[in-house]
């Protein structure tokens with residue numbers, strides 16, 4: 001008895017969704033732990049960096065954006 005085609009499709013959708021969730025977590029974790037990576041994101045994908053800052057601010061963490069801006073203004077992180 002072989003699985004119906006739609007069950008394979010559903011399994012594929014679940015796998016793609018899980019890959020997206022884990023990929024988003026990996027991106028958030030890397031941005032959360034590396035100011036150099038946030039600097040790269042600022043240059044290449046500023047909209048993604050803005051989403052990162054907004055999500056932190058919604059969680060009550062307000063100092064990441066200010067700390068980054070201060071460091072980059074003084075030449076500490078924008079290479």
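None of the figures in this text is laboratory data; all of them are computed from the coordinates on show. What you see is a predicted model, and the numbers here were worked out from it, not measured in a lab. Neighbour counts are summed over all protein chains in view; Cβ atoms, including those assigned to glycine, are modelled from backbone coordinates with ideal geometry.
For this structure, a couple of remarks:
- In nm, spacing of pseudo-spin labels at residue 62 and residue 45 (7 Å Cα→C-beta vector): 2.8 nm
- Once the C-beta distance of residue 22 and residue 72 is scaled by a Förster radius of 30 Å, the resulting FRET efficiency is 0.55 to the nearest 0.05.
- Segment residue 15-residue 30, length gained on full extension (0.36 nm per residue, minus Cα span): 3.2 nm
- Over region 27-79: Kirkwood hydrodynamic radius from C-alpha pairwise inverse distances, Å: 11.0 Å
- Relative to the dominant Cα principal axis of the chain, helix 46-58 is inclined by about 90°.
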